[in-house]
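Right, one structure below, let's go through it.
The values are calculated or read from the model by the stated rules, or taken from the named source; none is laboratory data. Bear in mind the structure is a predicted one, so any value in this text is a computation, not a measurement. Using ideal geometry, Cβ is built from the backbone for each residue, glycine included, and neighbour counts are taken over all protein chains shown.
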C-alpha cells in the first residue's frame with residue numbers, strides 16, 4: 001500500500017512545458033484517475049511517478065520516501081502501458097514470470113505463483129501461448145497479471161483499454177474495478193475518456209495544458225465544475241453552452257440571449273456583463289413546454305432508452321435536449337424549450353464559473 | 001478479356017521478367033562453375049563449349065593441392081596453395097565483421113534510445129563511406145607503413161571495421177527503432193537492470209536484423225579486394241587477392257584455375273547464407289513483415 005505525493009512537479013521537453021506546478025496527494029488504496037484531452041500532461045505525470053521520466057523540478061514521494069532518485073525498478077510500482085508492452089518473444093508464462101525472475105525467486109515458487117495469478121485473471125489456459133496468439137482482451141489480462149504478480153504498492157495504468165473495442169472495454173473496465181476492490185491498492189489511471197473516469201474513479205484529476213483544473217469525486221466534478229472546460233468535458237452528450245449577458249432586473253438577475261430572458265435562480269451572486277450559460281442536456285426540457293423559447297429541430301436521435309433532440313435557436317451552436325423515448329417531433333418542426341427545474345451554470349468570459357460557493 | 005485472364009496474363013508477364021532477370025544474374029555463376037571443370041584448351045575456345053568436355057577435376061587438383069603441375073598445358077605460373085589465404089580470409093573477415101556488428105549494435109542502441117548522435121550526423125558518416133576506396137587507399141598505405149601496420153592482421157581488420165561500421169550502425173539502428181521503448185521500460189519496471197533488459201528483451205527481438213547485418217558486412221569484407229591488395233604482402237593474404245594471381249607469363253590469364261579457386265571463395269558465403277536463411281528473410285525485409 002502506498003500513498004503518492006507530488007510536490008510542485010514540473011516537466012519540460014526541449015522548451016515546451018508538459019506539466020507545471022503540479023501538487024497532488026494520492027491517498028493509500030485510492031483509485032485516482034488523471035483525465036484530460038491529449039497533450040494535457042497526464043501520461044507524463046504518470047511516467048514521472050513510474051520513474052521513466054525525470055521531473056525538471058519538484059519532488060515525488062512514494063510511501064513517504066523521496067523517490068526522485070530511485071530507478072523505476074526500485075519504486076515498487078507496477079505499470080500497464082497503452083500498447084501493453086508484452087514481450088513478444090516470450091510465452092505468456094515467461095511474460096508473467098519475468099518480474100519474480102528478476103527478483104531471483106526460486107523456480108518452483110515462481111511456477112506456483114504464476115499459476116495462481118493466471119487463475120485469478122482467467123488466463124490459465126494461455127500460459128503456453130505467445131502474446132501474438134492472444135486476443136486483445138486476453139493480452140490485457142496477461143499485462144495485468146504480469147504486473148499483479150510482482151505485488152506492487154501502486155498500479156499505474158496508462159490508457160490500458162484504449163485499444164479494445166467498446167464492448168470489451170466495458171468488460172475490462174469492470175474487471176479493473178473489481179481488481180481494485182479486491183486488492184485495495186493505490187491505482188493511478190490515465191485516460192482521455194470521461195466515461196471511464198466517471199465510472200472507475202474514487203477521485204478524478206482533470207488536467208489541461210499541463211495544469212490541474214479540478215480535483216474531486218466524479219459527482220463533484222459533474223455537478224460542481226469549476227470552469228467551462230471541466231463542465232463541457234464531462235457528460236455525454238456535452239453540456240449546452242449559450243452565449244449572452246447577465247442583467248439586473250427587478251426580480252433578480254437574468255441571463256439574456258437572443259432577446260429572451262432566463263431568470264437566474266439558485267446560481268448565487270453573479271456580476272453583470274457578458275457571460276456563458278451552461279445547461280446539461282437532461283435539464284433542457286422540450287416536452288410539454290408552453291411559453292418557452294422557440295427553436296427548430298434539426299435532428300432527432302432515438303437511442304432507445306432516451307431520445308436526443310438537436311435544436312437550432314439561431315446561434316452557431318446547436319442545443320441538445322434529452323427527451324423520453326416516447327417523445328417524437330419531426331425534424332424541421334418548431335418546438336418550445338425551457339430550463340425550468342434544471343440546474344443552471346454561469347461562466348465568465350474566461351470560462352471561470354460564476355456564483356460558485 | 002475476363003478479369004481472370006487478365007490476372008493470368010499479368011502473372012505470366014511477371015514471371016517471364018523475373019525469369020529473364022534470374023538468368024542474367026545466374027549466368028556468370030554458371031559460367032564460372034563450368035569453366036572450373038574445363039580442360040585448358042576449352043577455356044578460350046570459340047564457339048564456346050557450354051558443358052565441359054571432357055569433364056575434369058584437374059583445375060581443382062592444381063589450385064588446391066599443387067598436383068599435376070608438370071603434366072598440365074600450363075607450366076609457367078607460380079603456384080602457392082590457397083589454404084593459407086583461406087585461413088587468412090576467415091580470420092580477417094570473421095573478426096572484422098563480428099567487431100563491426102557488435103560495435104555497430106551498441107552504437108545504434110545509443111543513437112536510437114539516447115540520441116547520442118543525430119540522424120544528420122549519422123547520415124554524414126554514411127555518406128563518407130561513399131568515397132571510392134581508391135581515394136583513401138594511398139594515404140592509408142602511407143600511414144600504415146609509418147605505423148608498422150602494413151601486412152598485419154590488426155591493420156587490415158581495423159580498416160574493415162572502420163569502413164563497415166557506418167553500415168552496421170544504420171542497419172541495426174533500424175531494427176532497434178522498431179522495438180517499442182515501452183517493452184524495455186516495462187522490463188525495467190519489473191526490476192531488470194539496463195544490461196539485463198538489453199540481453200533478455202532487446203537482443204532477442206533484433207536478432208534477425210543483427211544476423212542480416214552480419215551477413216551483409218561479411219559479404220563486403222570477405223570479397224574486399226583493393227585494400228587487401230594494398231595492405232598485404234607476404235604475412236597476410238586474402239582469397240580475393242589470390243584470385244588475381246593466376247596469370248601465366250606466356251599463357252595469359254588461367255581461367256580454369258581462377259574459377260576453381262573462385263568457387264572456394266563463393267561456397268563459404270553460400271553455405272553460411274543457407275544456414276541462416278530464416279533470419280535473412282525476416283532481417284532483410286527491414287521489419288516490413290509483422291513480428
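Annotations for the structure displayed:
Here is a yes/no grid of residues against (1) within 22 Å of residue A:125 (Cβ to Cβ); (2) touching a residue at least 12 places away in the same chain (Cβ under 8 Å); (3) more than 21 Å from the chain's Cα centre (by Cα):
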residue	(1), (2), (3)
A:153	no, yes, yes
A:162	no, yes, no
A:172	yes, yes, no
A:178	yes, no, no
A:181	no, no, no
A:186	no, yes, no
A:193	no, yes, no
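- Inside the stretch A:36-82, residues that are assigned to a loop (DSSP other than H, G, I, E, B) and either touching a strand residue (DSSP E or B) at 6+ places or on another chain (Cβ under 9 Å) or more than 8 Å from chain B (Cβ to nearest Cβ) (or both) make up a count of 22.
- Selection count, the stretch A:115-139, where residues are within 14 Å of chain B (Cβ to nearest Cβ) and either within 18 Å of residue A:88 (Cα to Cα) or in contact with a strand residue (DSSP E or B) (Cβ under 9 Å, 6 or more places away or on another chain) (or both): 5
- Options B:179, B:210, B:202, B:241; residue that is over 25 Å from the mean Cα position of the chain (by Cα) and touching a residue at least 60 places away in the same chain (Cβ under 8 Å): B:202
- Meets criteria (modelled with pLDDT under 95, more than 20 Å from residue B:190 (Cβ to Cβ) and either assigned to a loop (DSSP other than H, G, I, E, B) or out of contact with any helix residue (DSSP H, G or I) (no Cβ under 9 Å at 6 or more places or on another chain) (or both)) for residue A:20: yes
- With respect to the conditions (1) within 13 Å of chain A (Cβ to nearest Cβ); (2) touching a helix residue (DSSP H, G or I) at 6+ places or on another chain (Cβ under 6 Å); (3) free of Cβ contacts under 8 Å to residues at least 60 places away in the same chain, residue B:225 falls short on a single one, namely (1).
- Selection count, the stretch A:276-312, where residues are outside any strand (DSSP E or B) and within 20 Å of residue A:347 (Cα to Cα): 5
- Residue tally, condition in a helix (DSSP H, G or I), more than 8 Å from chain A (Cβ to nearest Cβ) and either under 18 Å from residue A:95 (Cα atoms) or in contact with a helix residue (DSSP H, G or I) (Cβ under 7 Å, 6 or more places away or on another chain) (or both), over the stretch B:174-194: 6
- Within the stretch A:89-107, being at the interface with another protein chain (Cβ under 8 Å from one of its Cβ atoms) and crowded, with 17+ Cβ neighbours inside 10 Å holds for A:89, A:98, A:99, A:102.
A quick yes/no check of all residues on (1) more than 15 Å from residue A:329 (Cα to Cα); (2) in contact with a helix residue (DSSP H, G or I) (Cβ under 9 Å, 6 or more places away or on another chain):
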position	(1), (2)
A:241	yes, yes
A:266	yes, no
A:273	yes, no
A:303	no, no
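Conditions tested, residue by residue: (1) more than 22 Å from residue B:98 (Cβ to Cβ); (2) away from chain A (no Cβ under 14 Å); (3) crowded, with 20+ Cβ neighbours inside 10 Å; (4) at pLDDT below 90.
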site	(1), (2), (3), (4)
B:147	yes, yes, no, no
B:161	no, yes, yes, no
B:167	no, yes, no, no
B:172	no, yes, yes, no
B:216	no, yes, no, no
B:244	yes, yes, no, yes
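- Residue A:221 vs. criteria crowded, with 21+ Cβ neighbours inside 10 Å, touching a residue at least 12 places away in the same chain (Cβ under 8 Å) and touching a strand residue (DSSP E or B) at 6+ places or on another chain (Cβ under 8 Å): yes
- Among the residues making up the stretch B:88-121, those that are under 20 Å from residue B:241 (Cβ atoms) and either surrounded by 17 or more Cβ atoms within 10 Å (Cβ to Cβ) or at pLDDT below 90 (or both) are B:88, B:89, B:92, B:93, B:95, B:96, B:97.
- Only residues that are within 15 Å of residue B:52 (Cα to Cα) and surrounded by fewer than 13 Cβ atoms within 10 Å (Cβ to Cβ) were counted across the stretch B:20-38, and they come to 1.
- Among the residues making up the stretch A:165-176, those that are surrounded by fewer than 19 Cβ atoms within 10 Å (Cβ to Cβ) and either farther than 17 Å from residue A:147 by Cβ or at pLDDT 95 or above (or both) are A:165, A:166, A:167, A:168, A:170, A:171, A:174.
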